[in-house]
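> One structure is given below, represented as C-alpha cells, and several questions about it will come after.
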Amino acid sequence: MPRKMKRIEVAIRQMEIDDLSEVYRLGESLFTSEEYPILYRTWDPYEVTGMFTSDPEFCLVAEADDRVVGFVLATTVEKEGTAWKRYGYLEWIGVADGFQHARLGLRLYRRLEERFREEGVRMIIADTVVENERAIGFFSRLGFTATGKHIWFTKTLRREGVRAEAAGGGARSGTRRRKVGMAVPPGPGAATEVVSEEDTLDASQ
C-alpha cells in the first residue's frame, strides 16, 4: 500500500530581521543569470535589507518546517494630482522549487493585497520582462491588466584601466569593489522584478 505523503503546513507571516539571509539566498536560487538575467543583476543583499528597513509591513514570508520557502517584497508610492494618490508596488515575489504547486504565490499575494487595502492603496503596480510568460499569466489571472511593454537597455562599459594596461603592457593589482545594487525597479513604470507562475509563483503560486 503506497505511503501517504506528509502534509506540510505553511504559514504566511511578516518578515523578520532573522529572515533576511534566507530570503536573499532563496532569491539567488530563483533569479538565475541563465533564466532571468535582469532579475539576477538587480537582486542583491542591499535590495532585501533596504526594503525590509523602509517597508517592513509589506515584506512577507512563507515558512514551513522553520525555513523560509517563499517571500513577497513590496512598497507604496504616493503621487499627488493623480486619480489614485497612493499606489502599491509589488517588487519581488518568489517560491522555493519544492513548493511551486502549493499556491504559495497566490497566498502571499492575497495577504499583501490585504495589507495594501488596510493602508488605503487603490491601485497595485507590478511588472516583469516580456519573456516571463509565467509571471504575465499569473498576474493576468489575478485581474491585472497589461498597460504596455517595458524595455530594458544594457550597456557594458570597458574599464579605462584595462585599456591603459593593454597599452603599457604592465600588470595592475586588482582592487575589489563592492557591488552597488540598482534598486529593483528603478521606480514606477520601470521594471519590477517578479518571477512567477500560477499555482506556484516562482515566483509564484
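The values are calculated or read from the model by the stated rules, or taken from the named source; none is laboratory data. All of these numbers come straight from a predicted model, not from anything done at the bench. With ideal geometry, Cβ positions are generated from the backbone for all residues, glycine too; neighbour counts draw on all protein chains shown.
> Do we find that Thr128 is in a loop (DSSP other than H, G, I, E, B) and surrounded by 15 or more Cβ atoms within 10 Å (Cβ to Cβ) in this structure?
Details: in a loop (DSSP other than H, G, I, E, B): yes; surrounded by 15 or more Cβ atoms within 10 Å (Cβ to Cβ): yes.
Yes; evaluated as a whole, the condition is true for this residue.
> Tell me which of these Ser33 doesn't satisfy, since it passes every other one: (1) surrounded by 11 or more Cβ atoms within 10 Å (Cβ to Cβ); (2) at pLDDT below 90; (3) of a type in the set (S, T, N, Q).
For Ser33, the failing item is (1).
> Determine if segment 40-60 includes at least one residue that is modelled with pLDDT under 90, part of a helix (DSSP H, G or I), of a type in the set (Phe, Trp, Tyr) and closer than 26 Å to Asp18 by Cα.
The answer is yes; a qualifying residue exists.
> Output the number of the condition that Thr154 fails; it satisfies all remaining conditions of (1) surrounded by 11 or more Cβ atoms within 10 Å (Cβ to Cβ); (2) at pLDDT 50 or above.
It fails just one condition, (1).
> Of the residues Val130, Val121, only one is on the phi < 0 side of the Ramachandran plot and at pLDDT below 85; which? Outline the logic, then answer.
Working: Val121 fails: at pLDDT below 85.
Exactly one residue qualifies, and that residue is Val130.
> Also: For Cys59, all conditions in the list (1) over 21 Å from Ala126 (Cβ atoms); (2) within 14 Å of the chain's Cα centre (by Cα) hold save one; what is the number of the exception?
(1)
> For the condition small (Gly, Ala, Ser), more than 21 Å from Glu131 (Cα to Cα), assigned to a helix (DSSP H, G or I) and touching a residue at least 12 places away in the same chain (Cβ under 8 Å), what is the one hit in Gly88, Gly105, Gly70, Gly98? Step through it out loud before you land on a result.
On the way: Gly88 fails: assigned to a helix (DSSP H, G or I); Gly105 fails: more than 21 Å from Glu131 (Cα to Cα); Gly70 fails: assigned to a helix (DSSP H, G or I).
Residue meeting the stated conditions: Gly98.
> Related question: Restricting to segment 100-141, name every residue that is among the β-branched types (Val, Ile, Thr), within 26 Å of Pro37 (Cβ to Cβ) and in contact with a strand residue (DSSP E or B) (Cβ under 6 Å, 6 or more places away or on another chain).
Pass one, segment 100-141, residues among the β-branched types (Val, Ile, Thr): 121, 124-125, 128-130, 136.
If we keep only those that are within 26 Å of Pro37 (Cβ to Cβ) as well, we get 124-125, 128-130, 136.
Within segment 100-141, Ile124, Ile125 meet the criteria.
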